[in-house]
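Written out below as structure tokens is the structure these notes cover.
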Amino acid sequence: MQNTVLRPGLAESTLETWHTLATVLKPIDFTPYLALTSAIFAESWTLFDPGAKATARRTLEYIIGNVQEFRNHLNSLAYFGDIDELNDVQEAIAALSPKLTLVQKLGLLCTRITDSNASVSHLAIVEAKKFISNHEEFLPLVSGDNFDPVVGSLVKALHMVAGREGEAFEASRLQTFECLGMIGALDPDRFEIPHDKEDPLISFADFEEEKHSQAFAAYMIGHVLAPVFPRTSDVRFQSLLAYTIQELLSFCGFTAALITQDNGNPVSVKVVKRWKTLSDEVRAIVAPLLNSNFTAEGELELPDSYPVYASAPTYKEWIQKFAAYLISQVKGKHATRVFTPFRVLLHSADVQVLLFLLPHLVLDVLSSGLAENVTNIRNEVISVLEDQVRPAAGRSADMRLLCAQVTDLVVGQCPSNAHS
């Protein structure tokens, strides 16, 4: 949608198709697309012709008209108050939405700020900026001996976006810097940056055990792949994600029988229990892939030399080549089922999924105990760190910094006996 809606002559047809999708799907199935839909409408409104605007408005009116189903999700919609033609829509949304305090609003915005879709993230930052610039309301949150906990969440979300790479996030990064500038220098002793709670099973998954491997695969589906899938604007990347999700669903034992209630193909209690570990939103996103037939072509392309960093011209290419090497060294039966599907993402423009996967790949490859793998990974880390001390020509300071941050993440995840 995001790719075609801005192409000349295609906007109205795209929006008509999107309106049909919104009205045909059950509200619970369309809920994951609310934030994305509203963000695209708000960001692209000035580019729409009258026919496209009318179709977009009908979709928004449909959402408002089904408030009983969407009420708990209305706060995920983009802000339309800056668009004169949609002021009445914004007023209706405000009247129907649950009344929230500033702290609650900022908490919800933190989730949208860190959204993987550039449009959703950008509009959330712009909205947060308005709240931050209202000193009378925001100042009490950053006053006193202890700041409100939402301040830590907001700073964390803004820093996360500030570290994103790519032209799609350039406008968001600039807005983020302005937000951080308005917040000002905060005493770190007066607030805490919240830490993500890691499941020990996921942090150090034992891929020798099928149960642990399937738990890790379900975690990847629920927390990494599914959130990105409906929000990416890259159609090719989305199809690659679909293949990866499809393969992990199969490994977890998830089939269409989970939702069709086919008595002829009963699902085991273990599989049903694992399926229910996924949120309602995630299950709605991945359900169509339970009986899909995406295929992957081509062989895994390995780096020509090691360490990979020595011949990688960009941060993205280093991540891709290093991940390709690691995937090629995965040997265990269950680990292979988990990691091999990610090979299709090696040449995609977005490396965020690979970045999340990298520490787990390193741990699994090191656990094989092969001296060559240990040496190659050690040399890779050393190559990146040496470039910090004695910079080689041809690499930007940003690339060095980003690669060093990744190696710090990788080394931090590894058991202490692997550091040497």
Taking amide H positions as placed 1.01 Å from N in the peptide plane, with prolines and chain starts having none, which residues 5 or more places from Leu6, or on another chain, fall under 5 Å of its amide H? none
Find how much the distance from Glu209 to Val389 grows on full extension, using 0.36 nm per residue of separation minus their present alpha carbon separation; answer in nm with one decimal. 60.7 nm
Reachable aspartates and glutamates, given that their alpha-carbon falls under 12 Å from the alpha-carbon of Lys316 and they are not under 8 places away in the same chain: Glu165, Asp350, Asp398
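Filter the GluC sites (Glu not before Pro) in segment 287-317 down to the DSSP loop ones having no more than 12 other Cβ atoms within 10 Å, then list what survives. Can you show the working numbers first?
Values: sites: Glu297, Glu299, Glu301, Glu317; in loops: Glu297, Glu299, Glu301.
Hits after loop and neighbour filter: Glu297, Glu299.
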Tabulate in residue order the Karplus-calculated ³J(HN,Hα) for segment 363-373, using 6.51 cos²θ - 1.76 cosθ + 1.60 with θ = phi - 60°, rounded to whole Hz; enter x for Gly and Pro. 4, 5, 5, 5, 5, 5, x, 6, 4, 4, 5
Work out, step by step, the length gained on full extension between Leu100 and Thr260: first 0.36 nm times the residue separation, then minus their alpha carbon distance; give nm to one decimal. 53.8 nm
Between Gln405, Gln320, Gln238, where does the largest GNM mean-square fluctuation fall for the chain, given springs only between Cα atoms within less than 10 Å? Gln405
Taking Cα atoms, how many degrees apart are the long axis of helix 170-183 and the longest axis of the chain, rounded to 10 and kept between 0 and 90? 80 degrees
For a quick check, take a GNM of the chain with Cα springs below 10 Å and name the residue from Pro140, Pro32, Pro98 with the largest mean-square fluctuation. Pro140
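For segment 102-190, with only Lys/Arg (+1) and Asp/Glu (-1) charged at the beta-carbon, what is the dipole magnitude about the Cα centre, in debye rounded to 20? Provide the component values of the computation, followed by the final result.
Details: 8 positive and 12 negative charges, 39 e Å.
Roughly 180 debye, rounded to the nearest 20.
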For Lys130, the lysines lying under 22 Å Cα to Cα, once residues fewer than eight places off in the same chain are dropped, come out as Lys99, Lys105, Lys156
Working only with C-alpha atoms, what are the Rg and Dmax values of the chain, expressed in angstrom? 23.1, 67
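For Met182, Met399, which order do you get if you count the other beta carbons within 10 Å of each Cβ and list the fewest first? Present the calculation step by step, with values, prior to reporting the outcome.
Details: Met182 12, Met399 21.
Ordered by Cβ neighbours within 10 Å, fewest first: Met182, Met399.
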Trypsin sites (Lys or Arg not before Pro) within segment 1-103: which are DSSP loop residues with at most 11 other Cβ atoms inside 10 Å? Lys99
So which lysines can Lys270 reach, going by Cα to Cα under 29 Å and dropping same-chain residues fewer than 8 places off? Lys26, Lys197, Lys211, Lys331, Lys333
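Tell me, what is the FRET efficiency for Thr314 and Asp408 to the nearest 0.05, using R0 = 22 angstrom and their Cβ-Cβ distance as r?
The computed FRET efficiency comes out at 0.70.
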Asp145 versus Ala287: modelled label distance in nm, points set 7 Å from Cα along the beta carbon direction: 5.2 nm
Looks like segment 11-96, by Cα gyration tensor root eigenvalues a ≥ b ≥ c and the a/c under 1.5 rounded cutoff (else prolate when a/b is bigger than b/c, oblate otherwise), is oblate
With no solvent and one point on each alpha carbon, what is the Debye value of log10 I(q)/I(0) for segment 317-412 at q = 0.10, 0.11, 0.19, 0.20 Å⁻¹? -0.27, -0.32, -0.93, -1.02
In degrees, nearest ten, helix 102-113 long axis to first principal axis of the chain (Cα): 50 degrees
The FRET efficiency for Ile382 and Gln68, from their Cβ-Cβ distance with R0 = 45 Å and rounded to 0.05, is 0.15
Hey, what angle do you get for helix 210-220 against the long axis of the chain, alpha-carbon based, 0 to 90 degrees rounded to 10? 40 degrees
Over all directions, segment 102-190 yields a Cα convex hull whose mean projected area in nm² is 5.1 nm²
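Every read-out reported here was derived from the displayed coordinates using simple, explicitly stated rules and does not represent laboratory data. Given the structure is predicted, the values throughout are model-derived calculations rather than measurements. In this analysis, Cβ positions are derived from the backbone assuming ideal geometry, glycine residues included, and neighbour counts consider all displayed protein chains.
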